[in-house]
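Before anything else, here's the structure in question.
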Amino acid sequence: MTVRTRFAPSPTGFLHIGGARTALYNYLFAKGRGGSFVLRVEDTDAERSTSESMDIILDSLKWLGLDWDEGPGIGGEFGPYNQSERGEIYDRYLSKLEEAGHVYEDEGAIRFRVPDKTITVQDVICGEVSVNLKEQGSRRYNTETKQEEEANPDIVIKRPNGGYIFHFVNVVDDIEMGITHVIRGEDHLSNTPKHLALFEAFGATPPTFAHIPLNLNQSGTKMSKRDQGALIHEYREAGFLPDAVNNYMALLGWSAKDDTEIFDAKELRSRFDISGVNNSNSKFDYDKCKWVNAEHLKKLSAADLLEAATPFLTAAGLPADDARMPAALELARDRAQLLSEIPEVLATIFAEEVSYDKASLEKVKSREGIAGAVTALRNGLASVEDWSIDGIKAGIQSAADGMGAKMGMLMLPCRVGVMGSTSGADLIPVLELLGKEAVLKRLEGFEGLLDA
Ligand code: GLU
(Lines give C-alpha, C1' and ligand atoms only; values in the text may rest on other atoms or scores of the structure.)
Protein backbone atom coordinates (compact mmCIF):
# COMPACT_ATOMS: atom_id res chain seq x y z
CA MET A 1 0.00 0.00 0.00
CA THR A 2 1.35 3.43 -0.91
CA VAL A 3 0.94 5.80 2.00
CA ARG A 4 -1.11 8.92 1.24
CA THR A 5 -1.52 11.56 3.92
CA ARG A 6 -3.05 14.99 3.73
CA PHE A 7 -3.02 18.31 5.50
CA ALA A 8 -6.44 19.92 5.28
CA PRO A 9 -6.36 23.49 6.59
CA SER A 10 -9.38 25.77 6.64
CA PRO A 11 -8.20 29.17 5.37
CA THR A 12 -9.73 31.23 8.16
CA GLY A 13 -6.58 32.61 9.79
CA PHE A 14 -2.82 32.17 10.02
CA LEU A 15 -0.87 28.92 10.11
CA HIS A 16 -0.29 28.41 13.81
CA ILE A 17 2.20 26.08 15.39
CA GLY A 18 -0.36 23.37 16.15
CA GLY A 19 -1.51 23.25 12.52
CA ALA A 20 2.05 23.36 11.23
CA ARG A 21 2.98 20.44 13.47
CA THR A 22 0.04 18.48 12.03
CA ALA A 23 1.25 19.30 8.51
CA LEU A 24 4.80 18.27 9.48
CA TYR A 25 3.75 14.91 10.93
CA ASN A 26 1.73 14.15 7.80
CA TYR A 27 4.64 15.20 5.61
CA LEU A 28 7.23 13.20 7.55
CA PHE A 29 5.06 10.12 7.79
CA ALA A 30 4.42 10.07 4.02
CA LYS A 31 7.95 11.02 2.98
CA GLY A 32 9.58 8.51 5.29
CA ARG A 33 7.60 5.77 3.58
CA GLY A 34 7.91 6.76 -0.06
CA GLY A 35 4.33 8.01 0.02
CA SER A 36 2.52 11.18 -1.06
CA PHE A 37 1.63 14.24 0.96
CA VAL A 38 -1.52 15.96 -0.25
CA LEU A 39 -2.59 19.52 0.55
CA ARG A 40 -6.35 20.02 0.54
CA VAL A 41 -8.02 23.34 1.23
CA GLU A 42 -11.17 22.99 3.30
CA ASP A 43 -12.82 26.23 2.23
CA THR A 44 -16.51 25.31 2.14
CA ASP A 45 -17.24 27.94 4.78
CA ALA A 46 -17.43 30.85 2.33
CA GLU A 47 -18.04 33.44 5.01
CA ARG A 48 -14.93 32.66 7.05
CA SER A 49 -12.51 31.56 4.31
CA THR A 50 -10.29 34.23 2.75
CA SER A 51 -7.67 34.16 0.02
CA GLU A 52 -5.32 36.24 2.23
CA SER A 53 -5.42 33.52 4.84
CA MET A 54 -4.78 30.88 2.18
CA ASP A 55 -1.76 32.81 0.88
CA ILE A 56 -0.27 33.06 4.37
CA ILE A 57 -0.83 29.36 5.03
CA LEU A 58 0.74 28.34 1.70
CA ASP A 59 3.69 30.72 2.19
CA SER A 60 4.27 29.39 5.70
CA LEU A 61 4.24 25.77 4.49
CA LYS A 62 6.62 26.64 1.66
CA TRP A 63 8.98 28.43 4.04
CA LEU A 64 9.03 25.34 6.24
CA GLY A 65 9.80 23.29 3.13
CA LEU A 66 6.77 21.04 3.63
CA ASP A 67 6.30 20.66 -0.12
CA TRP A 68 3.13 18.90 -1.11
CA ASP A 69 3.00 16.35 -3.92
CA GLU A 70 -0.55 17.27 -4.89
CA GLY A 71 -2.56 20.36 -4.12
CA PRO A 72 -2.92 24.07 -4.83
CA GLY A 73 -0.56 25.43 -7.44
CA ILE A 74 0.55 22.03 -8.70
CA GLY A 75 -2.66 20.07 -9.14
CA GLY A 76 -2.66 16.28 -9.24
CA GLU A 77 -4.71 13.27 -10.17
CA PHE A 78 -7.44 13.88 -7.60
CA GLY A 79 -8.01 17.63 -8.02
CA PRO A 80 -9.33 20.18 -7.70
CA TYR A 81 -7.84 20.47 -4.23
CA ASN A 82 -10.02 23.34 -3.00
CA GLN A 83 -13.26 22.01 -1.61
CA SER A 84 -15.10 25.07 -2.89
CA GLU A 85 -14.49 23.72 -6.43
CA ARG A 86 -15.61 20.16 -5.77
CA GLY A 87 -19.40 20.66 -5.70
CA GLU A 88 -20.11 18.12 -8.43
CA ILE A 89 -18.21 15.40 -6.62
CA TYR A 90 -20.17 16.06 -3.44
CA ASP A 91 -23.48 15.99 -5.36
CA ARG A 92 -22.51 12.62 -6.80
CA TYR A 93 -21.68 11.23 -3.37
CA LEU A 94 -24.91 12.60 -1.94
CA SER A 95 -26.84 10.71 -4.65
CA LYS A 96 -25.15 7.50 -3.51
CA LEU A 97 -26.44 8.04 0.02
CA GLU A 98 -29.89 8.95 -1.32
CA GLU A 99 -30.07 5.78 -3.39
CA ALA A 100 -29.09 3.66 -0.42
CA GLY A 101 -31.70 5.37 1.79
CA HIS A 102 -29.15 6.86 4.21
CA VAL A 103 -30.42 10.43 4.02
CA TYR A 104 -33.65 12.40 4.21
CA GLU A 105 -34.78 15.99 3.94
CA ASP A 106 -35.54 17.96 7.07
CA GLU A 107 -36.74 21.57 6.77
CA GLY A 108 -34.64 22.15 3.67
CA ALA A 109 -31.51 20.49 5.12
CA ILE A 110 -30.29 16.97 4.32
CA ARG A 111 -29.68 14.68 7.26
CA PHE A 112 -27.65 11.49 7.38
CA ARG A 113 -29.28 8.73 9.40
CA VAL A 114 -26.76 7.65 12.04
CA PRO A 115 -26.70 3.94 12.80
CA ASP A 116 -28.00 2.71 16.16
CA LYS A 117 -24.87 0.77 17.14
CA THR A 118 -21.59 1.18 18.91
CA ILE A 119 -18.88 2.64 16.70
CA THR A 120 -15.31 2.15 17.82
CA VAL A 121 -12.45 4.36 16.69
CA GLN A 122 -9.10 2.56 16.87
CA ASP A 123 -6.76 5.49 17.13
CA VAL A 124 -3.06 4.69 16.90
CA ILE A 125 -2.15 7.45 19.35
CA CYS A 126 -5.19 7.87 21.59
CA GLY A 127 -6.37 4.27 21.74
CA GLU A 128 -9.99 3.14 21.48
CA VAL A 129 -13.00 5.42 21.63
CA SER A 130 -16.49 3.90 21.45
CA VAL A 131 -19.79 5.68 21.05
CA ASN A 132 -23.35 5.09 19.91
CA LEU A 133 -24.15 8.19 17.88
CA LYS A 134 -27.88 7.61 18.00
CA GLU A 135 -27.93 7.45 21.79
CA GLN A 136 -25.40 10.24 22.22
CA GLY A 137 -27.19 12.59 19.83
CA SER A 138 -30.72 11.94 21.04
CA ARG A 139 -30.39 14.33 23.93
CA ARG A 140 -28.83 17.74 23.87
CA TYR A 141 -28.12 20.28 26.59
CA ASN A 142 -29.95 23.52 25.93
CA THR A 143 -27.76 26.34 27.20
CA GLU A 144 -30.70 28.76 27.37
CA THR A 145 -33.13 26.66 29.38
CA LYS A 146 -30.19 24.91 31.06
CA GLN A 147 -31.96 21.62 30.59
CA GLU A 148 -31.49 18.48 28.59
CA GLU A 149 -33.92 18.10 25.76
CA GLU A 150 -34.66 15.66 23.00
CA ALA A 151 -32.67 16.13 19.83
CA ASN A 152 -32.39 14.64 16.37
CA PRO A 153 -29.23 12.50 16.37
CA ASP A 154 -29.01 12.39 12.58
CA ILE A 155 -26.25 14.59 11.21
CA VAL A 156 -26.97 17.52 8.92
CA ILE A 157 -24.68 17.07 5.92
CA LYS A 158 -26.16 19.75 3.67
CA ARG A 159 -27.57 23.07 4.80
CA PRO A 160 -30.85 24.52 3.50
CA ASN A 161 -28.73 27.04 1.54
CA GLY A 162 -27.09 24.17 -0.37
CA GLY A 163 -23.72 24.28 1.41
CA TYR A 164 -22.19 20.97 2.44
CA ILE A 165 -21.09 20.37 6.03
CA PHE A 166 -17.51 19.64 7.10
CA HIS A 167 -18.05 15.99 8.15
CA PHE A 168 -19.45 15.05 4.76
CA VAL A 169 -16.92 16.77 2.50
CA ASN A 170 -14.04 15.68 4.72
CA VAL A 171 -14.99 12.02 4.39
CA VAL A 172 -15.85 12.22 0.68
CA ASP A 173 -12.45 13.77 -0.06
CA ASP A 174 -10.54 11.27 2.04
CA ILE A 175 -12.24 8.51 0.02
CA GLU A 176 -11.83 10.23 -3.36
CA MET A 177 -8.22 11.19 -2.73
CA GLY A 178 -7.27 7.71 -1.53
CA ILE A 179 -6.04 8.92 1.85
CA THR A 180 -4.58 6.01 3.83
CA HIS A 181 -3.68 7.79 7.09
CA VAL A 182 -5.51 10.69 8.72
CA ILE A 183 -3.15 12.44 11.13
CA ARG A 184 -4.83 15.46 12.72
CA GLY A 185 -5.41 17.33 15.95
CA GLU A 186 -7.09 15.65 18.88
CA ASP A 187 -9.88 18.21 18.65
CA HIS A 188 -11.20 16.05 15.78
CA LEU A 189 -11.25 12.80 17.73
CA SER A 190 -14.88 13.32 18.78
CA ASN A 191 -15.86 13.82 15.11
CA THR A 192 -14.33 10.55 14.04
CA PRO A 193 -17.25 8.23 14.95
CA LYS A 194 -19.43 10.33 12.62
CA HIS A 195 -16.80 10.03 9.94
CA LEU A 196 -16.61 6.25 10.41
CA ALA A 197 -20.41 6.02 10.04
CA LEU A 198 -20.14 7.90 6.74
CA PHE A 199 -17.29 5.70 5.49
CA GLU A 200 -19.45 2.68 6.20
CA ALA A 201 -22.48 4.15 4.46
CA PHE A 202 -20.33 4.70 1.35
CA GLY A 203 -19.03 1.13 1.60
CA ALA A 204 -15.49 2.51 1.86
CA THR A 205 -12.63 1.24 4.01
CA PRO A 206 -11.72 4.01 6.48
CA PRO A 207 -8.13 5.25 6.72
CA THR A 208 -5.98 4.71 9.79
CA PHE A 209 -6.58 7.48 12.32
CA ALA A 210 -3.92 9.15 14.45
CA HIS A 211 -5.02 12.12 16.55
CA ILE A 212 -2.21 14.27 17.91
CA PRO A 213 -2.68 15.56 21.47
CA LEU A 214 -2.95 19.30 21.94
CA ASN A 215 -0.09 21.72 22.14
CA LEU A 216 -0.43 23.87 25.25
CA ASN A 217 1.33 27.06 26.27
CA GLN A 218 3.51 27.39 29.37
CA SER A 219 0.47 28.09 31.56
CA GLY A 220 -1.07 24.84 30.42
CA THR A 221 -3.89 26.30 28.36
CA LYS A 222 -4.48 25.91 24.64
CA MET A 223 -1.99 27.96 22.68
CA SER A 224 -3.55 31.10 21.24
CA LYS A 225 -2.30 33.31 18.45
CA ARG A 226 -1.22 35.87 21.02
CA ASP A 227 1.31 33.49 22.58
CA GLN A 228 4.92 34.06 21.50
CA GLY A 229 5.85 31.52 18.84
CA ALA A 230 2.26 30.73 17.89
CA LEU A 231 2.34 31.97 14.29
CA ILE A 232 4.63 30.38 11.72
CA HIS A 233 5.10 33.45 9.50
CA GLU A 234 6.70 35.26 12.46
CA TYR A 235 9.49 32.71 12.80
CA ARG A 236 11.23 33.82 9.61
CA GLU A 237 11.45 37.42 10.72
CA ALA A 238 12.51 36.41 14.21
CA GLY A 239 15.57 34.73 12.69
CA PHE A 240 14.76 31.03 12.82
CA LEU A 241 15.87 28.47 10.27
CA PRO A 242 12.98 26.47 8.81
CA ASP A 243 14.68 23.14 9.51
CA ALA A 244 15.14 24.14 13.13
CA VAL A 245 11.47 25.02 13.47
CA ASN A 246 10.54 21.65 11.93
CA ASN A 247 12.95 19.94 14.30
CA TYR A 248 11.41 21.67 17.30
CA MET A 249 7.85 21.02 16.14
CA ALA A 250 8.70 17.36 15.69
CA LEU A 251 9.85 17.22 19.32
CA LEU A 252 6.60 18.82 20.40
CA GLY A 253 4.78 15.56 20.97
CA TRP A 254 7.23 13.09 19.46
CA SER A 255 10.53 11.67 20.64
CA ALA A 256 13.11 9.43 19.05
CA LYS A 257 13.69 6.09 20.76
CA ASP A 258 17.27 7.07 21.68
CA ASP A 259 16.26 10.57 22.90
CA THR A 260 18.28 12.35 20.21
CA GLU A 261 16.94 15.88 19.89
CA ILE A 262 18.71 17.49 16.97
CA PHE A 263 17.85 16.27 13.48
CA ASP A 264 18.44 17.66 10.03
CA ALA A 265 15.60 17.45 7.51
CA LYS A 266 16.71 14.12 6.11
CA GLU A 267 17.19 12.47 9.49
CA LEU A 268 13.79 13.66 10.60
CA ARG A 269 12.15 12.06 7.58
CA SER A 270 13.80 8.73 8.20
CA ARG A 271 13.41 8.72 12.01
CA PHE A 272 9.87 10.00 12.51
CA ASP A 273 7.20 7.48 13.31
CA ILE A 274 3.71 7.70 14.76
CA SER A 275 4.64 5.15 17.41
CA GLY A 276 6.94 7.78 18.95
CA VAL A 277 4.11 10.31 19.35
CA ASN A 278 3.08 10.80 23.00
CA ASN A 279 -0.52 10.44 24.02
CA SER A 280 -0.37 13.38 26.40
CA ASN A 281 -0.49 17.09 25.60
CA SER A 282 2.75 18.88 24.83
CA LYS A 283 3.96 22.19 26.24
CA PHE A 284 5.36 24.79 23.92
CA ASP A 285 8.69 26.25 25.05
CA TYR A 286 10.03 29.20 23.03
CA ASP A 287 13.44 29.06 24.73
CA LYS A 288 13.87 25.43 23.77
CA CYS A 289 12.89 26.31 20.22
CA LYS A 290 15.65 28.95 20.21
CA TRP A 291 18.12 26.41 21.59
CA VAL A 292 17.26 24.02 18.75
CA ASN A 293 17.80 26.88 16.32
CA ALA A 294 21.21 27.62 17.82
CA GLU A 295 22.20 23.97 17.38
CA HIS A 296 21.18 24.16 13.72
CA LEU A 297 23.12 27.41 13.24
CA LYS A 298 26.25 25.64 14.50
CA LYS A 299 25.86 22.91 11.90
CA LEU A 300 25.17 25.04 8.80
CA SER A 301 27.80 25.06 6.08
CA ALA A 302 29.58 28.39 5.67
CA ALA A 303 27.76 29.03 2.40
CA ASP A 304 24.35 28.21 3.85
CA LEU A 305 25.02 30.37 6.90
CA LEU A 306 25.94 33.31 4.68
CA GLU A 307 22.81 32.83 2.60
CA ALA A 308 20.55 32.54 5.64
CA ALA A 309 22.13 35.52 7.42
CA THR A 310 22.24 37.84 4.39
CA PRO A 311 18.74 39.37 4.77
CA PHE A 312 19.48 40.15 8.41
CA LEU A 313 22.92 41.60 7.65
CA THR A 314 21.55 43.73 4.86
CA ALA A 315 18.68 45.02 6.99
CA ALA A 316 21.22 46.04 9.64
CA GLY A 317 23.33 47.87 7.02
CA LEU A 318 26.21 45.35 7.13
CA PRO A 319 28.02 44.41 3.91
CA ALA A 320 26.91 40.80 3.34
CA ASP A 321 29.15 40.57 0.28
CA ASP A 322 32.31 41.73 2.07
CA ALA A 323 35.11 39.21 1.54
CA ARG A 324 35.63 38.99 5.32
CA MET A 325 31.97 38.15 6.01
CA PRO A 326 32.23 34.34 5.90
CA ALA A 327 35.06 34.44 8.45
CA ALA A 328 33.13 36.95 10.58
CA LEU A 329 30.07 34.69 10.53
CA GLU A 330 32.18 31.87 11.89
CA LEU A 331 32.89 34.08 14.91
CA ALA A 332 29.22 34.92 15.35
CA ARG A 333 27.54 31.58 14.91
CA ASP A 334 28.32 30.40 18.43
CA ARG A 335 27.18 33.66 19.98
CA ALA A 336 23.75 33.83 18.37
CA GLN A 337 20.68 31.67 18.85
CA LEU A 338 18.81 33.47 16.09
CA LEU A 339 19.94 34.84 12.74
CA SER A 340 18.58 38.20 13.86
CA GLU A 341 21.14 38.30 16.69
CA ILE A 342 24.12 37.98 14.33
CA PRO A 343 24.37 41.61 13.12
CA GLU A 344 24.77 42.88 16.66
CA VAL A 345 27.70 40.52 17.26
CA LEU A 346 29.38 41.62 14.02
CA ALA A 347 28.52 45.31 13.90
CA THR A 348 31.78 46.42 15.52
CA ILE A 349 33.93 44.51 13.01
CA PHE A 350 32.45 46.36 10.04
CA ALA A 351 31.99 49.75 11.72
CA GLU A 352 33.96 52.76 10.46
CA GLU A 353 34.23 54.08 14.00
CA VAL A 354 34.18 52.08 17.21
CA SER A 355 31.15 52.93 19.24
CA TYR A 356 31.99 52.57 22.91
CA ASP A 357 29.62 51.05 25.38
CA LYS A 358 29.51 53.41 28.37
CA ALA A 359 29.67 50.81 31.13
CA SER A 360 32.53 48.95 29.41
CA LEU A 361 34.43 52.17 28.98
CA GLU A 362 34.00 53.12 32.64
CA LYS A 363 35.17 49.71 33.70
CA VAL A 364 38.43 50.05 31.77
CA LYS A 365 39.00 53.69 32.63
CA SER A 366 38.84 52.97 36.34
CA ARG A 367 41.96 50.81 36.09
CA GLU A 368 45.16 52.36 37.31
CA GLY A 369 47.78 53.11 34.65
CA ILE A 370 45.42 52.20 31.88
CA ALA A 371 46.68 54.73 29.32
CA GLY A 372 50.22 53.39 29.59
CA ALA A 373 48.99 49.84 29.33
CA VAL A 374 47.12 50.57 26.12
CA THR A 375 50.17 52.28 24.64
CA ALA A 376 52.31 49.26 25.52
CA LEU A 377 49.69 47.03 23.98
CA ARG A 378 49.64 49.04 20.78
CA ASN A 379 53.43 48.96 20.56
CA GLY A 380 53.44 45.22 21.18
CA LEU A 381 50.94 44.69 18.39
CA ALA A 382 52.75 47.13 16.08
CA SER A 383 55.81 44.91 16.28
CA VAL A 384 53.88 41.81 15.10
CA GLU A 385 55.03 40.73 11.67
CA ASP A 386 53.02 37.57 11.29
CA TRP A 387 49.43 38.80 11.80
CA SER A 388 47.98 35.40 12.72
CA ILE A 389 46.29 34.12 15.88
CA ASP A 390 49.67 33.00 17.25
CA GLY A 391 51.49 36.12 16.09
CA ILE A 392 48.90 38.39 17.70
CA LYS A 393 49.02 36.43 20.95
CA ALA A 394 52.79 36.75 21.00
CA GLY A 395 52.49 40.52 20.43
CA ILE A 396 50.14 40.92 23.40
CA GLN A 397 52.35 38.65 25.50
CA SER A 398 55.44 40.71 24.77
CA ALA A 399 53.59 43.89 25.76
CA ALA A 400 52.55 42.23 29.02
CA ASP A 401 56.09 40.97 29.66
CA GLY A 402 57.46 44.46 29.17
CA MET A 403 55.11 45.69 31.89
CA GLY A 404 55.81 42.76 34.18
CA ALA A 405 52.14 41.84 33.98
CA LYS A 406 50.07 38.85 32.93
CA MET A 407 48.72 38.73 29.38
CA GLY A 408 45.16 38.42 30.72
CA MET A 409 45.49 41.91 32.19
CA LEU A 410 45.67 43.39 28.70
CA MET A 411 42.81 41.43 27.20
CA LEU A 412 39.97 43.52 28.57
CA PRO A 413 41.45 46.91 27.56
CA CYS A 414 42.25 45.42 24.19
CA ARG A 415 38.72 44.15 23.75
CA VAL A 416 37.08 47.41 24.78
CA GLY A 417 39.59 49.48 22.81
CA VAL A 418 39.09 47.58 19.57
CA MET A 419 35.51 46.33 19.86
CA GLY A 420 33.96 48.98 22.11
CA SER A 421 32.50 46.54 24.59
CA THR A 422 33.37 43.87 27.13
CA SER A 423 31.09 41.43 25.30
CA GLY A 424 31.03 40.15 21.71
CA ALA A 425 32.85 37.62 19.58
CA ASP A 426 36.23 36.08 20.54
CA LEU A 427 38.83 38.85 20.67
CA ILE A 428 41.93 37.39 18.99
CA PRO A 429 40.10 36.11 15.88
CA VAL A 430 38.42 39.53 15.61
CA LEU A 431 41.83 41.20 15.70
CA GLU A 432 43.06 38.84 13.02
CA LEU A 433 40.05 39.56 10.85
CA LEU A 434 40.27 43.33 11.26
CA GLY A 435 43.90 43.39 10.19
CA LYS A 436 46.86 45.07 11.81
CA GLU A 437 46.32 48.54 10.43
CA ALA A 438 42.71 48.81 11.59
CA VAL A 439 43.53 47.42 15.04
CA LEU A 440 46.36 49.90 15.60
CA LYS A 441 44.17 52.74 14.41
CA ARG A 442 41.40 51.75 16.81
CA LEU A 443 43.83 51.49 19.72
CA GLU A 444 45.26 54.88 18.90
CA GLY A 445 41.78 56.39 18.95
CA PHE A 446 41.16 54.65 22.24
CA GLU A 447 44.30 56.17 23.77
CA GLY A 448 43.04 59.59 22.78
CA LEU A 449 39.78 58.83 24.53
CA LEU A 450 41.54 57.72 27.70
CA ASP A 451 43.67 60.84 27.73
CA ALA A 452 40.67 63.11 27.36
N1 GLU B 1 -10.21 21.52 8.08
C2 GLU B 1 -10.03 20.84 9.32
C3 GLU B 1 -9.32 21.77 10.29
O4 GLU B 1 -8.72 22.73 9.85
C5 GLU B 1 -9.16 19.63 9.13
C6 GLU B 1 -9.83 18.38 9.52
C7 GLU B 1 -9.02 17.15 9.22
O8 GLU B 1 -7.79 17.20 9.18
O9 GLU B 1 -9.65 16.13 8.98
O10 GLU B 1 -9.39 21.56 11.47
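The values are calculated or read from the model by the stated rules, or taken from the named source; none is laboratory data. Keep in mind that what you see is a predicted model, and the values were worked out from it rather than measured. Note that each Cβ is placed from the backbone with ideal geometry, even for glycine, and that neighbours are counted across all protein chains shown. To get the accessible areas, we keep the full protein, side chains included, count just its heavy atoms, and leave off ligands, DNA and RNA. Shrake-Rupley method; radii C 1.70, N 1.55, O 1.52, S 1.80 Å.
If packing is taken as the mean number of other Cβ atoms within 10 Å per residue, what is the order of 254-261, 52-59, 19-26, 350-357, highest first?
Going by the mean number of other Cβ atoms within 10 Å, highest first, we get 19-26, 52-59, 350-357, 254-261.
Further question on the same structure: Excluding ligands, DNA and RNA, what is the solvent-accessible area per residue of segment 155-240 at a probe of 1.4 Å, expressed in Å²?
Normalised by residue count, the accessible surface of segment 155-240 is 41 Å².
Order 60-72, 376-388 from most to least packed using the mean count of other Cβ atoms within 10 Å.
Those peptides, ordered most packed to least, come out 60-72, 376-388.
Using only Cα atoms, figure out Rg for segment 267-408 and give it as a multiple of 2.2 N^0.38 Å.
Values: Rg = 21.8 Å, N = 142, 2.2 N^0.38 = 14.5 Å.
The value comes to 1.50.
Report GLU149's accessible area, 1.4 Å probe, all protein chains in place, as a number in Å² to the nearest 10.
In the full protein context, GLU149 sits at about 80 Å².
Quick one: grab Rg to one decimal and Dmax as a whole number for segment 169-315, Cα atoms only, in Å.
Spelled out, the Cα radius of gyration and Dmax of segment 169-315 are 18.6, 59 Å.
How large is the accessible surface per residue of segment 265-382, computed with a 1.4 Å probe and reported in Å² as a whole number?
That works out to 53 Å² per residue.
Calculate the translational D of segment 1-51 in whole µm² s⁻¹ from Stokes-Einstein, where the hydrodynamic radius comes from the Kirkwood formula applied to all Cα pairs, the temperature is 10 °C and the viscosity 1.306 mPa s.
135
Rounded to the nearest Å, what's the spacing between the alpha carbon centres of segment 388-414 and segment 15-76? Just the number, please.
58
Amide H of ASN82: which non-local residues (sequence gap of 5 or more, or other chain) have their own amide H closer than 5 Å, using H built in the peptide plane?
VAL41
Then there is this: To the nearest 0.05, what FRET efficiency results for ARG140 and GLN218 with a Förster distance of 30 Å applied to their C-beta separation?
For ARG140 and GLN218, the calculated efficiency is 0.25.
What whole-number distance in Å separates the alpha-carbon centres of segment 124-184 and segment 335-378?
If we compute the Cα centre of each part, the gap is 65 Å.
To continue, here is another question. Pull up the DSSP beta bridges for the chain and report the antiparallel fraction as a percent, rounded to 5. Write down the numbers at each step before the final one.
Working: 22 of 37 bridges.
Bridges in the chain that DSSP calls antiparallel: roughly 60 percent.
In terms of modelled amide H atoms, which long-range or inter-chain residues lie less than 5 Å from the amide H of VAL156?
Residues meeting the criterion, in which the H sits 1.01 Å from N, are PHE112.
Here is a further query. Taking the Kirkwood radius as the inverse of the mean 1/r across Cα pairs, report the Rg/Rh of segment 88-211.
0.97
Sticking with this one: Short version: ³J(HN,Hα) in whole Hz for each residue of segment 199-215, in order, from phi by Karplus 6.51 cos²θ - 1.76 cosθ + 1.60 (θ = phi - 60°), x for Gly and Pro, what are they?
4, 5, 4, 7, x, 9, 6, x, x, 7, 9, 9, 9, 8, x, 5, 10
Over segment 46-96, give the accessible area per residue in Å² for a 1.4 Å probe, as an integer.
54
Expressed as a whole percentage, what fraction of the accessible surface of the chain belongs to carbon and sulfur atoms when a 1.4 Å probe is rolled over the protein heavy atoms? Provide the component values of the computation, followed by the final result.
Details: 10110 of 21690 Å².
Carbon plus sulfur share of accessible area: 47 percent.
Hey, any idea what the orientation-averaged projected area of the convex hull of the chain's Cα atoms comes to, in nm²?
If I average the Cα hull's projected area over directions, I get 29.0 nm².
Here's something else I'd like to know. Among 337-343, 76-82, how do they line up from the highest to the lowest mean number of other beta-carbon atoms within 10 Å?
Averaged packing, sorted descending, gives the order 337-343, 76-82.
Would you mind checking which residues have amide H under 5 Å from ARG4's amide H? H placed 1.01 Å from N; only 5 or more apart, or other chain.
SER36, THR180, HIS181
Can you give me the Cα centroid spacing of segment 105-123 and segment 270-294 in angstrom?
36
Give me the net charge for the shell around GLU295: Cβ to Cβ below 15 angstrom, other residues only, Lys and Arg +1, Asp and Glu -1. List each step's numbers first, then the result.
Values: positive: LYS288, LYS290, LYS298, LYS299, ARG333, ARG335; negative: ASP243, ASP259, GLU261, ASP264, GLU267, ASP285, ASP287, ASP304, ASP334, GLU341.
Residues close to GLU295 contribute a combined charge of -4.
Still on this model: Sort ARG40, ARG92, ARG236, ARG33 from largest to smallest accessible area, using a 1.4 Å probe on the heavy atoms of the protein chains.
ARG236, ARG92, ARG33, ARG40
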